[in-house]
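> Quick one: the structure is below, and I'll ask about it shortly.
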Amino acid sequence: MYDETPSTALPAPCAQCREIKRKRYEAVRQGDRRRAEAMAAAMGRHQRAAH
């Protein structure tokens, strides 16, 4: 689909990344700013620890 080689293509997000994103998007849709901020912080911690 894209002209990128596998070495330059971004990998698919891991399961935990997808779950954190899903929770953050849901919080944003519901207008729950505190939960959205908490999920953004959780993503930062996860990225540093796991990736």
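> For region 1-32, name all the residues that are of a type in the set (S, T, N, Q) and either at pLDDT below 95 or in contact with a Pro (Cβ under 9 Å, 6 or more places away or on another chain) (or both). Step through it out loud before you land on a result.
In the first step, residues of region 1-32 are kept if they are of a type in the set (S, T, N, Q); the result is 5, 7-8, 16, 30.
The answer is T5, S7, T8.
> Sort out which residues of region 8-27 are polar (S, T, N, Q) and in a helix (DSSP H, G or I), and write them in order of number. Let's see the steps before the verdict.
First pass over region 8-27, keeping only residues polar (S, T, N, Q): 8, 16.
Result: Q16, single match.
The values are calculated or read from the model by the stated rules, or taken from the named source; none is laboratory data. The model shown is predicted, which means the values in this text are computed figures rather than measured ones. Neighbour counts are summed over all protein chains in view; Cβ atoms, including those assigned to glycine, are modelled from backbone coordinates with ideal geometry.
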